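None of the figures in this text is laboratory data; all of them are computed from the coordinates on show. Quick caveat: nothing in here was measured; it's all calculated off a predicted structure. Here the Cβ positions follow ideal geometry from the backbone for every residue, glycine too, while neighbour counts run over all protein chains shown.
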Amino acid sequence: MGQKSKILGYVEGTSTLVLMGIAMPLKYLGGNEILVKILGPIHGLLFMLYLGVLFFGVGKFWTKDAFAIGFFAAVLPGGPFWFEKKLSQGKWSLEVSEPVE
């Protein structure tokens, strides 16, 4: 699940940046809305899939806080990159490491 989350997080984050950084300026500054019509629904689908992966990972791999913070991060441009870095570091993980004696 972690690898799926990471890949989907990076793809969703990239789609947000492309939508906000390229497609929307072309629409509002250049009058060309074709990229928004194409990328908007793709980004929406990726966003929902990403949230689904996070939701189904809660209780199996991550704490409940991971879903709430992941949702908030997914709304922000570039947020999934930060969130996936924290997940890969073990933050919000259910795996408890045994203390070394």
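Among the residues examined, Leu8 does not qualify as among the hydrophobic types (A, V, I, L, M, F, W, C) and either surrounded by fewer than 17 Cβ atoms within 10 Å (Cβ to Cβ) or free of Cβ contacts under 8 Å to residues at least 40 places away in the same chain (or both). Residues of the stretch 33-46 being within 14 Å of the chain's Cα centre (by Cα) and more than 13 Å from Val18 (Cβ to Cβ), which ones? Correct list: Gly44, Leu45.
If you take the residues in the stretch 52-76 that are surrounded by fewer than 17 Cβ atoms within 10 Å (Cβ to Cβ) and of a type in the set (A, V, I, L, M, F, W, C), which one is farthest from the chain's Cα centre (by Cα)? Looking at residues that are surrounded by fewer than 17 Cβ atoms within 10 Å (Cβ to Cβ) and of a type in the set (A, V, I, L, M, F, W, C), I get Phe56. Residues that are within 19 Å of Lys91 (Cα to Cα) and charged (D, E, K, R): does the stretch 22-38 have at least one? So far as the stretch 22-38 goes, no, none of its residues is within 19 Å of Lys91 (Cα to Cα) and charged (D, E, K, R).
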